[in-house]
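The values are calculated or read from the model by the stated rules, or taken from the named source; none is laboratory data. Predicted model only: the values in this text are computed from it and were never measured. Here Cβ is always computed from backbone atoms with ideal geometry, including for glycine, and neighbour counts include all displayed protein chains.
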Amino acid sequence: MKRFVFLFVVLSLILAACASPAQSASEFDINNWDSVLAAAKGQTVNWYIWGGSDSINTFVDNFYGAALKEQYDITLNRVPLADTADAVNQVLSEKQAGKEIGAVDLIWINGENFFTLKQADMLHKDWAQQLPNSQYVNWDNPAINLDFGRPVDNMESPWSSAQFQFIYDSARTNEDELPRSYNELKDWACAHPGRFTYIAPGPGGFLGTRFAKGALYEISGGAEQWLSFDQALWDQWSPELWNYFNELEPCLWRNGETYPKDESELVNLFSNNEVDLSMTNDITGAGRWITDGRMPETARAFVFDNYMIGDFNYVAIPLNAPNKAAALVLANLLLDPKLQAAQILPANGFGLGYAIDVNRVTDTTALAALQESASTLGDAATPASELAKSLVGDSAAEYQNLLEQGWQENVLQK
């Protein structure tokens, strides 16, 4: 009997020693960051990420992979995807197969893919706002706490953003003469007939749709009411939206008889001095078009005081992630102000906007890094502080088709 007990104890010790690092190092307290770091040390984080851009892949490896290894002894395994849905399907397949420990630690995700895993109850919960660097995220803003109208619910953390902006040429338009609201824009356009137009909302006209949604927000007196679908609300305010555009139409380029179908066509009109304003979603403002030689060096980006629609992309941790601690460390690293400063620079290969609100950063070294990156973008970019102040979220998805089809019927065809 004693021999059996001895063998049982030895066998138990052997099994414990052979346990995977993910299982043996899985215990941590999200509210005690030191315990997260201790659990993550030595782990490999499997980050499933869209792999269609060589420059983004290189940026991830050079910046995050290096920092994880040097600072936390964590190895980054970047798993490239053709489509984010592939990672979602893998997690769902693992659930169906009863795998308590899967293969995916972190997913670059948003929108319907996030909602699919949320509905399947396959997301790690109650972590995003516990990250130390989440102090820099403006969680009160629905543009961040809602992902395409769906509550984030502390299950995903932002990585980067894009936001609607206008572009003007400072050589021919004074900054103090620029409109700062949709109402002022209509007055400005009619005071400068033929010098403004916008992209036709609809397929391929993403910026035009976003422009029209911003007008809807202002006309109806707020953005938050549009974050969930309400047919009665649409029926109440859509006629006012069509009135706005129909009143604007005779003041437009070619009297509104035709509209540019996409951003490139509008850029051509702007560059040929046919109109005085263009549009962009790019963190560099006019910088990309200047670099491409399609806009003059004097081109500048600006925003209205409000209703500049932006959206965010996020990272999420599957419920059955094998290395949750390492995933948390990586998610926190994505919000580090110094790395946020690096990500906006096109030269580094990423070139998307901030996930953090620069107005919340008080550390002088971190703030200096953000300011240096902003200065590198130059005068062609909208200041990050102005972007943050004007930021609102996109509307519920159901309004997309209603707006695009309604514009065609009530503005273009009318």
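You will find that of Asp336, Asp357, Asp305, the residue that is within 20 Å of Asp282 (Cα to Cα) and under 18 Å from the mean Cα position of the chain (by Cα) is Asp357 and no other. Which of the residues that make up region 156-183 are within 17 Å of Ala286 (Cα to Cα), surrounded by 14 or more Cβ atoms within 10 Å (Cβ to Cβ) and among the acidic types (Asp, Glu)? Across region 156-183, the qualifying residue is only Asp169.
Return yes or no: is Ala321 among the hydrophobic types (A, V, I, L, M, F, W, C), surrounded by 19 or more Cβ atoms within 10 Å (Cβ to Cβ), at pLDDT 95 or above and touching a strand residue (DSSP E or B) at 6+ places or on another chain (Cβ under 7 Å)? Considered against the rule, which asks whether it is among the hydrophobic types (A, V, I, L, M, F, W, C), surrounded by 19 or more Cβ atoms within 10 Å (Cβ to Cβ), at pLDDT 95 or above and touching a strand residue (DSSP E or B) at 6+ places or on another chain (Cβ under 7 Å), Ala321 comes out as no. Scan Thr362, Thr376 and give me the residue that is surrounded by fewer than 18 Cβ atoms within 10 Å (Cβ to Cβ), out of contact with any helix residue (DSSP H, G or I) (no Cβ under 6 Å at 6 or more places or on another chain), polar (S, T, N, Q) and within 21 Å of Gln129 (Cα to Cα). So the residue among Thr362, Thr376 that is surrounded by fewer than 18 Cβ atoms within 10 Å (Cβ to Cβ), out of contact with any helix residue (DSSP H, G or I) (no Cβ under 6 Å at 6 or more places or on another chain), polar (S, T, N, Q) and within 21 Å of Gln129 (Cα to Cα) is Thr362. Among the residues of region 153-164, is there at least one that is closer than 30 Å to Phe114 by Cβ and without any contact (Cβ under 8 Å) to a residue 40 or more places away in the chain? Looking through region 153-164, at least one residue is closer than 30 Å to Phe114 by Cβ and without any contact (Cβ under 8 Å) to a residue 40 or more places away in the chain. The requirement of being over 22 Å from the mean Cα position of the chain (by Cα) and closer than 22 Å to Val303 by Cα is fulfilled somewhere in region 159-169, by at least one residue. For region 127-136, state whether one or more residues are surrounded by fewer than 22 Cβ atoms within 10 Å (Cβ to Cβ), in contact with a helix residue (DSSP H, G or I) (Cβ under 7 Å, 6 or more places away or on another chain), within 21 Å of Leu334 (Cα to Cα) and without any contact (Cβ under 8 Å) to a residue 12 or more places away in the chain. No: zero hits. Checked against the criterion of being within 21 Å of Ser161 (Cα to Cα), surrounded by 15 or more Cβ atoms within 10 Å (Cβ to Cβ) and at pLDDT 95 or above, the candidates Leu92, Leu106, Leu68 yield just one match: Leu106. Selection over region 200-224 of residues that are closer than 22 Å to Asp305 by Cβ, surrounded by 14 or more Cβ atoms within 10 Å (Cβ to Cβ) and not hydroxyl-bearing (Ser, Thr, Tyr) gives a count of 12. Say whether the condition of being at pLDDT 95 or above and aromatic (Phe, Trp, Tyr) is met by at least one residue in region 137-152. Looking for residues that are at pLDDT 95 or above and aromatic (Phe, Trp, Tyr), one finds at least one in region 137-152, hence yes. Which ones in region 252-276 are part of a helix (DSSP H, G or I), among the hydrophobic types (A, V, I, L, M, F, W, C) and over 31 Å from the mean Cα position of the chain (by Cα)? Scanning region 252-276 gives a single hit, Trp253.
Among the criteria (1) more than 22 Å from Phe245 (Cα to Cα); (2) surrounded by 22 or more Cβ atoms within 10 Å (Cβ to Cβ); (3) in contact with a Leu (Cβ under 9 Å, 6 or more places away or on another chain), the one Ser395 does not fulfil is (1).
Can you name the residue in region 259-285 that is of a type in the set (S, T, N, Q) and in contact (Cβ under 8 Å) with a residue 40 or more places away in the chain and, of all such residues, is surrounded by the fewest Cβ atoms within 10 Å (Cβ to Cβ)?
Checked region 259-285; the qualifying residue surrounded by the fewest Cβ atoms within 10 Å (Cβ to Cβ) is Asn273.
Can you name the residue in region 186-235 that is touching a residue at least 12 places away in the same chain (Cβ under 8 Å) and of a type in the set (S, T, N, Q) and, of all such residues, is farthest from Ala143 (Cα to Cα)? Restricting to residues being touching a residue at least 12 places away in the same chain (Cβ under 8 Å) and of a type in the set (S, T, N, Q), the top hit is Thr197.
Every listed requirement among (1) touching a Phe, Trp or Tyr at 6+ places or on another chain (Cβ under 8 Å); (2) at pLDDT below 95; (3) not basic (Lys, Arg) is met by Ile290 save one, (1).
Among the residues of region 126-158, the one identified as more than 18 Å from Leu227 (Cα to Cα) and under 10 Å from the mean Cα position of the chain (by Cα) is Pro158. Answer with yes or no whether Glu156 is under 26 Å from Ala381 (Cβ atoms) and among the charged types (D, E, K, R). No.
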